Every structure is written in C-alpha cells, then in structure tokens.
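The values are calculated or read from the model by the stated rules, or taken from the named source; none is laboratory data. The structure presented is a predicted model; accordingly, all values stated were derived computationally and were not measured. Note that each Cβ is placed from the backbone with ideal geometry, even for glycine, and that neighbours are counted across all protein chains shown.
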Amino acid sequence: MFAKELFKPTLPSPPFMEDTTVRTHFALTQERLAAWLGVPRASLALAERGHQPLTATDGTQVARLVLAMQGLAYDGAGGSYPAPPPLAPPLPAAEPLQHRLGQCRYQAGNLRYALAQMRRRAAPYEARLAAAPALRAWPGAAARALEARWLDSFEEEAVEKLRIDCGPGPQKMLEARLAGLEHEAALLDALLATLPPAP
C-alpha cells in the first residue's frame, strides 16, 4: 500500500495533449499516437488543440506514456510502480563503421601524400630565406642597386609562397586535418574491436 501511495500516478492534464509533450518526448507522429490510443488521427488532432476531451480509455493510454516518461509503470488500478530497467540500445552496425574507417584511412593517406608534397615545395623557398642574409652580407652588394632589387624579389617571393602555399601555416592546417582523421580512425577501430564477429 505504501508503494502505491509513493508512486501515485500523475495523470495527464490538458497541456500534455495541447503542447504535444508526449509526442515530442517519444518522437511520435499523430498517426502513431492515435494508433496507441485507438482513436482516429483527426480525434487526436482535436484533443491536442483542446477542442475535444479524451475518453477515460484514451486518458489511461496517455497516462501510461506519461508515467513511462517518469520511469514509472501503470498498475491498472490507479497506482504505479518503478518501471523495469530500460532496454539496452542496439549495438552499432559494423558495416557503416567499417566503411567510414576505410574512408578515413584513404583520406589520411591522401593528406600524408599532400603534406609530403607541400614540404618538398617549401624546401627551396626555405633555402632562399636561409641564404638571403649571407647574400646581403657581401660588402660589395650595398653599392649594387640591381642586385639589391633582385634580393628583395628573391625574399619576397619566398615569403609569399611560404605564407600562402606551402609554409608553416598551410602545413599546420593539413596536419590538423590529418590528426582529426587519424583520431577518428583510431576511435572507429577501437569501437569495431568491441563488436561481436559477424555471424
């Protein structure tokens, strides 16, 4: 008797129907909830708009859903009790995980190749920046305006290429994308290892 009092059901008031709380909570269409209630969809639509009250039977069906939202089960006699444990969610399907893992590995391979190519493109421009101070340090260069302009262009082109195309910034962006794919692949691989073998 104490348990029945402790878990006294909370019967649905009109707002449960008028704001579609139950349907929203369980992602139910009007058709599906109407089938649960055993009423036409049009009758449910009127009840949700507050134009038509539920019958006692309909109210019981809604009460069962409302109680289930609270982790309770209706006992059929105006009381309720703690609901049984929830059903376990299904295990992930292996096929889409394997497909995505293959995509990650393929894309990561492409990024590794692109990163290696980018580093090769960067090497001569990095060599320019390394050599420029030595070239400018020659005492005779100061008097040669043409050479000074050539060195300016030599440096500026290297700086522009490294900034836009193949230097530390572009390389770091590729490395970040690669790290993301590698991390995703590792998570998928670990998840697949927990699944039972296919029958």
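Quick check on region 47-103: of everything there that is assigned to a helix (DSSP H, G or I) and among the small types (Gly, Ala, Ser), which residue is surrounded by the most Cβ atoms within 10 Å (Cβ to Cβ)? Break it down into steps so the answer makes sense when it comes.
Filtering region 47-103 for residues assigned to a helix (DSSP H, G or I) gives 47-48, 56-69, 94-103.
Next, from what is left, pick out any that are among the small types (Gly, Ala, Ser): 47, 56, 59, 63, 68, 94, 102.
Details: Ala47: 22, Ala56: 6, Gly59: 17, Ala63: 20, Ala68: 17, Ala94: 15, Gly102: 12.
So, considering only residues that are assigned to a helix (DSSP H, G or I) and among the small types (Gly, Ala, Ser), the one surrounded by the most Cβ atoms within 10 Å (Cβ to Cβ) is Ala47.
Mind listing whichever residues of region 116-133 are small (Gly, Ala, Ser), surrounded by 14 or more Cβ atoms within 10 Å (Cβ to Cβ) and either outside any helix (DSSP H, G or I) or without any contact (Cβ under 8 Å) to a residue 40 or more places away in the chain (or both)?
If the condition is that a residue be small (Gly, Ala, Ser), surrounded by 14 or more Cβ atoms within 10 Å (Cβ to Cβ) and either outside any helix (DSSP H, G or I) or without any contact (Cβ under 8 Å) to a residue 40 or more places away in the chain (or both), then Ala131, Ala132 are the ones that fit.
Could you grab me the full set of residues in region 140-155 that are loosely packed, with under 12 Cβ neighbours inside 10 Å, modelled with pLDDT under 85 and of a type in the set (Lys, Arg)?
Matches in region 140-155: none.
Here is a check on your reading of the model: is Pro133 in contact with a Leu (Cβ under 8 Å, 6 or more places away or on another chain), of a type outside the set (Phe, Trp, Tyr) and in the same structural domain as Ala108 (by TED's automatic domain parsing)? Spell out the reasoning first.
Numbers: in contact with a Leu (Cβ under 8 Å, 6 or more places away or on another chain): no; of a type outside the set (Phe, Trp, Tyr): yes; in the same structural domain as Ala108 (by TED's automatic domain parsing): yes.
No; evaluated as a whole, the condition is false for this residue.
When the residues of region 176-199 are filtered to those that are under 13 Å from Ala94 (Cβ atoms) and touching a helix residue (DSSP H, G or I) at 6+ places or on another chain (Cβ under 7 Å), which remaining residue is surrounded by the fewest Cβ atoms within 10 Å (Cβ to Cβ)?
Only one residue tops the list, namely Ala198.
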